[in-house]
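Only the coordinates and a few stated rules stand behind these numbers; no lab work does. All figures in this text were calculated on a predicted structure; none of them were measured in a lab. Note that each Cβ is placed from the backbone with ideal geometry, even for glycine, and that neighbours are counted across all protein chains shown.
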Amino acid sequence: MESIVLTINGKKISCQEGTSVFEAAAKNGIHIPSLCYHPDLKPYGACRLCLVEDEKTGRLFASCVTPAARDMVIQTDTPRVLDHRRNIIRLMMAEHPESCIVCNKGNRCQLRRIAADLGVGENDLYPMPNYRSFEQLNPFIVRDLSKCILCGKCIRADHELVCTGAIDYNLRGFRSRPATAHETPLEHSNCTFCGTCVSICPTGALSPKNAWYAGTPERQASSICGFCGIGCALDIGISGNKIVEINPADLEETVNRATLCVRGHFAHDFLNSPDRLTAPMVKSTGENEEPAFNEASWDEAVEHVISRLSDIKRTYGPQSIAFIGSTKCSIEENYLFQKIGRAIFQSENIINMASQNSGAQLMALDQKTGGSCRVNRLSDLEKAPAIVVLGPDPDHAAPVLGYHIKRAAKKGATLIVIDPLPNDLSLFAGQWIRPELSKNPNFSLTSLINGIAAELVARNGHATEFIENHTLDGNAYTEGLNAQDPEAIAGLAAVTREDLKTAASLLEGKKTAFVVGHTAGQSISEAGFNALFNLSLLTGSQGGKGTGIYLMTEAGNGMGAFDMGVSPDRLPGRHAISDESGRIPLEKAWKTKISPDPGLSMLRLIEAAENGTLKAVYIMGENPLRKLPQPRRVKNALKKLDFMVVQDILCNQTVKLADVILPGAAFTEKAGAFTNMEGRIQNFAPIVSPPGQALPDWEILALLASKMGYPEKYTTIEQVKQEIRRLVPMHADLGSHRQGWLKNNGLESGFRFNFSPVDIPGPEPAPPDPNFPYTGIIRGLRYHLGCGTRTSRSERIQSFQLRGQIEISPEDSQRLDLSEADRLRLTSPFGQIERGFRINTDMTVGQIFIPLAYNQNDAMNLVDLCESPTSGAPGWMVCRVKIEKNETSGEMP
Amino acid sequence: MEPKAIDWDQLHVIIDKHRYQKWGLIPLLQEVQEVFGYIPPASIEPIARAMKMFPTCIQGVITFYAGFSLKPKGRYVIRVCRGTACHVKGGRSILRMMKKELELEEGETSPDYQFTLETVACLGACFLAPTMMVNKNYYGKLTPPKVISILNQYRKPKPTESSSPAKEADDGR
Ligand code: SF4
Ligand code: SF4
Ligand code: SF4
Ligand code: FES
Ligand code: FES
């Protein structure tokens, strides 16, 4: 591209060909007012406020839609230009209702600011307010379209950034307004309440609904969203010591740019919940009395913890204590936590509750790629020629990832979605493969992936050159594929052979990004993951930018918690615990011995509590009672413990069982860093203070370590960071700057990727139990994260219309003779729950969808607490159920 | 009387005819409008899916053009011209009279789906002002008696009469 020189306001400016005059000016610090321009949106030219004057011709034009041309001489603020701008604002104001003082948009209103800048005060035009629908029944967004200036930003953000298509212009001329399909209220449209349009709207036409606080933030600060593994950068509005408003941060190079999702935008009101823990508490142990919690000082509480844990260790040995860390706590906190567990208490039992699904996959990928694929940027994903999505619907689980995938598909990437449930990406997909789990209860994702691979080889569509130059055992693998019976494979995959052939034809010759979700843990076993890695080699996708395997992590710091070794079989830096090369340097640094044996898995941990070999548990920021299957069993197990410490921010079911409660701080109240699913390490700083006596979790851990007489004193977070940088080279970038990246290992020259042998699951003919005729698929909706401990403390999320209704096909609903108000009882071999229902015409017959996180996450009653022996991944997201109408509820006369 | 139930098979034939056509949306909508007399709102979603577009975009196109309607219209759509030339020649009283005769306001459809009354900005036949259209037929140099007689041609035949109004309309010109 050529560069162009032009003059703006007497200043010589050079820019690339194709740059608009507006952007050329902005890059050189010349500000032109605008209402419809946004750097991430296509130029639109609707507001005309960015008018500038061409000195040579005297022409006025909108600078945002005019490309800079050679030798232009532009003036941005001549009296003529200013006059026109003022007139435009006067006209807008004449149509505007006079409600600035009570407008929710407050100081974020750009119309008001520009009017003030231009000196447009009292309006001398005849006011012609254009009254329009006012809508505020949903708990998130207030729409007052009489304040709309038709800049089209909301629509363009909705179409170009989040790709939902919930709104578009309706009608034309004076009557034109952004509208949903059939002009329904937002809650009856496909709007996801991501709030992206609210943040981008320059006026009060769209504003957040703050039932819990009305007013204008006094100050702004940036932070990182603490919910999912995307780690969106936030701009937080604070009033006093309270978080009152959230918008996407206006910073360079953020993962989310101008977008957010409903959780990030609206669910952070949990931070102000009355259920926040504010003081350390110790359960009284007096005889014959009901146990009660008494407030204690930090010294008392921590000393009590130390004396009880030390006693237990002395009496029953170190393996009688377990440490459950948290994907919601920072990198530094997780590092300290496992260090206390391993180095001070010598326990092997260090775990975080996602270890067995996303953790296993993360570690397998690291090992197979020699640590060369730790950083997978979402922005690169938009350049991938093809994308295969497996597992949950990213548009729900990690919405910003969903936006990236949809944008890629809109730009022309081939998209294949593999999902038994209706999926918001399918509108964009070239192919939607829907395994019918109800038809084959022995559904095998491994077979599905192998099936696609086999068809790819059969049509000679694999990347032969890549395989030759960069892999080992390619021939053995393709021969293994050829030896399979394609029909049998399709049967195991619960799809047709045609499906597999179509997928192969779509992937032929394309380097592909495989996006794998955490609840794919339901069926992606070690064998499944190996098959997927093989397919990524077969398509030549490893080692490329934006291609290869993208693993989703569920919680904000899922990646960071693993990388810090909060896992029964991994040490900080992803070293297998049995591997001396990782263990010995840590032993030296910590001046201790580390056991080479892996600790207890989650299931074994519960069993150990049940049979009394486990005596004490220290839980930091986790709620196993809500998260694990079979909550009653888990509760009884934990009740058997001699001692339980829970360090958390919200009072929850698990906290109530504790002997000592330590109130920690939320991410807005402390310093630390999270690693997101891309491998991006992001720092956050305290922007408000913790409630009451609550302390940042790392300070609590530092206090504990120091009171145990541990020689290292951690008085600043920087000391912890320094230790991590020194001992965990992949985290060398963990500093004080806003963001850094995990370090990839450089590959030795001649490195070759390994194919794993083709693994064909033997058909296990376990006929489905006729007593449980339906297949229930349990997974999350975008309104909650994970089991919903935090999101369910958001008033706005709680008052939204969804109450955990199951979704069912019209045919099944007819067969069961359901009518609208019916409550249903779902029974699986493991438990029972009660739910309302919604008919979804996109559901397959025999299959129902059960949303996670509602009603104290009672859906976990339906699945077994188990460990599938071959993969070590819990198989807890698909269940067989029977459905009955609950005649007893409702108390009809 | 209810408008005709939507013939989904016919709708899908129309959709399939245009779905892979370049710039196929407008011709598709035109055909639906032509065949059904309106664009049934329930057809927006299937059209959107086939065209791989957002339903809101389809709706935006439909509501932008005056030629598309989301509401079922009468068998005869009467468009009275409210352009300048017709106004000067008394177009306003023609409209007033039409409203009274049909007992309809602008944009309304009679309960028996016989008539829809609309106005337009100019029919492009100013030399014949005041003008109106009934479906595709133009009528000019209107006077009150002429309006009555035109309307009578399109009114539903009384049970005793047997001749078709459309035929009469052709004869009447
Ligand atoms: S609602 Fe806001 S963003 Fe949307 S067009 Fe109106 S003023 Fe612009
Ligand atoms: S909240 Fe999000 S999905 Fe809903 S209209 Fe706005 S941008 Fe679209
Ligand atoms: S929940 Fe995830 S996608 Fe949503 S705002 Fe937070 S980090 Fe972003
Ligand atoms: S910013 Fe250029 S027209 Fe609105
Ligand atoms: S003004 Fe009526 S036809 Fe032109």
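Among A:231-238, A:469-476, what's the highest-first ranking by average C-beta atoms within 10 angstrom per residue? The partial results should precede the final answer.
Numbers: A:231-238: 24.2, A:469-476: 15.4.
Ranked from most to least packed, the peptides come out as A:231-238, A:469-476.
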Long-range amide H contacts for A:Ala322: which residues qualify at under 5 Å (H placed 1.01 Å from N, peptide plane, sequence gap of 5 or more or a different chain)? A:Ala616, A:Val617, A:Tyr618
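Summarise the partner chain shielding of A:158-168 as one whole number: the mean count of Cβ atoms from other chains within 10 Å of each residue's Cβ.
3
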Space enclosed by the convex hull of the alpha-carbon atoms of the protein assembly as shown, per residue, Å³: 228 Å³
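Mind pulling the per residue volume of the convex hull built on the Cα atoms of segment B:8-64? Å³ is fine.
Working: hull volume 4.0 nm³, N = 57.
Here the figure is 71 Å³ per residue.
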Each residue of segment A:165-173 in turn: what ³J(HN,Hα) in whole Hz from Karplus with 6.51, -1.76, 1.60 and θ = phi - 60°, glycine and Pro shown as x? x, 6, 9, 7, 5, 10, 6, 8, x
List the equivalent ellipsoid semi-axes of segment A:1-133 in whole Å, largest first, each obtained as the square root of 5λ for an eigenvalue λ of the Cα gyration tensor. 31, 16, 12
With charges set only on the Cβ (+1 for Lys and Arg, -1 for Asp and Glu), what does the dipole of segment A:129-272 come to about its Cα centre, in debye to the nearest 20? 400 debye
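Can you check how the C-alpha radius of gyration of segment B:2-96 compares to 2.2 N^0.38 Å, as a plain ratio? Let's see the in-between values first.
Working: Rg = 16.3 Å, N = 95, 2.2 N^0.38 = 12.4 Å.
Normalised by 2.2 N^0.38 Å, the Cα Rg of segment B:2-96 equals 1.32.
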In whole Å, what is the distance between the alpha-carbon centres of segment A:57-78 and segment A:143-165? 27 Å
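Take every DSSP beta bridge with both residues inside chain B and express the antiparallel ones as a percent of the total, to the nearest 5. Don't skip to the end; give the middle numbers.
Values: 7 of 13 bridges.
Antiparallel bridges make up about 55 percent of those DSSP assigns within chain B.
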Would you work out the relative contact order for chain A, in percent, from Cα pairs under 8 angstrom that are 6 or more residues apart? 13 percent
Taking chain A as the reference, fit the longest principal axis to its C-alpha atoms, fit the long axis of helix A:717-727 to the helix C-alpha atoms, and give the angle between the two in degrees, 0 to 90, nearest 10. 60 degrees
Computed over segment A:3-77, the relative contact order (Cα-Cα under 8 Å, seq sep at least six) in percent reads 41 percent
State the Cα centre-to-centre distance between segment A:183-244 and segment A:815-867 in whole Å. 32 Å
Dipole check, segment B:76-154, charges on Cβ (K,R +1; D,E -1), about Cα centroid: among B:Thr143, B:Val120, B:Thr109 the Cα furthest to the positive pole belongs to B:Thr143
In degrees between 0 and 90, to the nearest 10, how far off the longest principal axis of chain A does helix A:399-410 point, with axes built from Cα atoms? 60 degrees
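Please give the calculated 222 nm ellipticity per residue for chain A, where each DSSP H segment of at least 4 residues contributes -39500 (n - 2.57) and the sum is spread over every residue; nearest 500 deg cm²/dmol?
Numbers: 28 runs with 238 residues, N = 893.
It comes out at -7500 deg cm²/dmol, rounded to the nearest 500.
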³J(HN,Hα), Karplus 6.51/-1.76/1.60, whole Hz, each residue of segment A:617-631, x for Gly, Pro: 9, 10, 10, 10, x, 9, 10, x, 5, 9, 8, 7, x, 6, x
Reduced Cα scattering model of segment A:774-885, Debye log10 I(q)/I(0), q = 0.10, 0.20 Å⁻¹: -0.30, -1.09
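Using 0.36 nm per residue, how much length does the chain from A:Arg70 to A:Asp842 gain when fully extended, once their Cα-Cα distance is taken away? Mind dumping the intermediate values first?
Numbers: separation 772, 0.36 × 772 = 277.92 nm, distance 5.49 nm.
Roughly 272.4 nm would be gained on extension.
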Multiplying the sequence separation of A:Lys411 and A:Ser239 by 0.36 nm and subtracting their Cα-Cα distance, what value in nm do you get? 57.8 nm
Angle between chain A longest axis and helix A:580-590 axis [Cα atoms, degrees, rounded to 10]: 80 degrees
If you project the alpha carbons of chain B onto their three principal axes, what span does each projection cover, largest first, in Å? 51, 42, 26
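Starting from the Cα gyration tensor of segment A:129-272, multiply each eigenvalue by 5, take the square root, and state the resulting semi-axes largest first in whole Å.
Numbers: eigenvalues 135, 57, 37 Å².
Listed largest to smallest, the semi-axes of segment A:129-272 are 26, 17, 14 Å.
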Using the alpha-carbon centroid of each, what span in Å lies between segment A:586-632 and segment B:98-141? 80 Å
Listed pairs A:Lys313/A:Lys591; A:Lys42/B:Lys71; A:Lys640/A:Lys882; A:Lys339/A:Lys713; A:Lys411/A:Lys511 exceeding 24 Å between Cα atoms: A:Lys42/B:Lys71; A:Lys640/A:Lys882
Simple spin-label estimate for A:Asn482 and B:His12 in nanometres, 7 Å along Cα-Cβ: 4.2 nm
For the pair A:Arg59/A:Arg752, report the inter-label distance in nm, with labels modelled 7 Å from Cα in the Cβ direction. 6.3 nm
Identify all lysines with a Cα-Cα distance to A:Lys11 below 26 Å; exclude those on the same chain that are fewer than 8 residues away in sequence. A:Lys27, A:Lys56
Unpaired by the 4.7 Å Cβ criterion, cysteines found in chain B: B:Cys57, B:Cys122, B:Cys126
Backbone N under 14 Å from the B:Asn135 label point (7 Å along Cα→Cβ), restricted to segment B:110-129: B:114-116
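Under a Cβ-Cβ cut-off of 10 Å, what is the net charge of the residues other than A:Cys228 that fall near it, where Lys and Arg count +1 and Asp and Glu count -1? Don't skip to the answer; put the middle values down first.
Numbers: positive: A:Arg263, A:Arg782; negative: A:Glu554.
Spelling it out: positives minus negatives among the neighbours equals +1.
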In whole Hz, what ³J(HN,Hα) sequence does segment A:849-858 give by Karplus (6.51, -1.76, 1.60; θ = phi - 60°), x for Gly and Pro? 10, 10, x, 6, 6, 7, 6, 6, 6, 5
Ranked on Cβ counts within 10 Å of their own Cβ, fewest leading, B:Lys52, A:Lys591 go A:Lys591, B:Lys52
As an exercise, identify the trypsin sites (Lys or Arg not before Pro) in segment A:326-414 lying in DSSP coil whose Cβ has no more than 12 other Cβ atoms within 10 Å. A:Lys411
Over the Cα atoms of segment A:570-663, each weighted equally, I'd like the Debye log10 I(q)/I(0) at q = 0.10, 0.13, 0.18, 0.21 Å⁻¹, rounded to two decimals. -0.35, -0.57, -0.88, -0.99
List the chymotrypsin sites (Phe, Trp or Tyr not before Pro) in segment A:436-496 that DSSP assigns to loop (not H, G, I, E or B) and whose Cβ has at most 10 other Cβ atoms within 10 Å. Which are they? none
I need the GluC sites (Glu not before Pro) found in segment A:792-860, filtered to DSSP loop residues with at most 16 other beta carbons within 10 Å of theirs. A:Glu820
Label zone at B:Ser93, where the point sits 7 Å out along the Cα-to-Cβ direction: segment B:121-155 residues whose backbone N lies under 11 Å: B:143-145
What residues from segment A:417-437 fall in the zone where the backbone N is under 19 Å from a label point 7 Å along the Cα-to-C-beta line of A:Glu811? A:419-423, A:432-437
Long-range amide H contacts for A:Ile577: which residues qualify at under 5 Å (H placed 1.01 Å from N, peptide plane, sequence gap of 5 or more or a different chain)? A:Arg570, A:Leu571
Separation between the A:Asn744 and A:Ala458 pseudo-spin-labels, each 7 Å from Cα along Cα→Cβ, expressed in nm? 3.5 nm
Based solely on its DSSP helices, what 222 nm [θ] is calculated for chain B when runs of n ≥ 4 H residues each add -39,500 (n - 2.57) and the sum is averaged over all residues, nearest 500 deg cm²/dmol? -12500 deg cm²/dmol
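Using the Kirkwood radius over C-alpha pairs as Rh, can you work out the diffusion coefficient of segment A:3-77 via Stokes-Einstein at 37 °C, viscosity 0.692 mPa s, in µm² per second?
Values: Rh = 12.0 Å.
Calculated translational D: 273 µm²/s.
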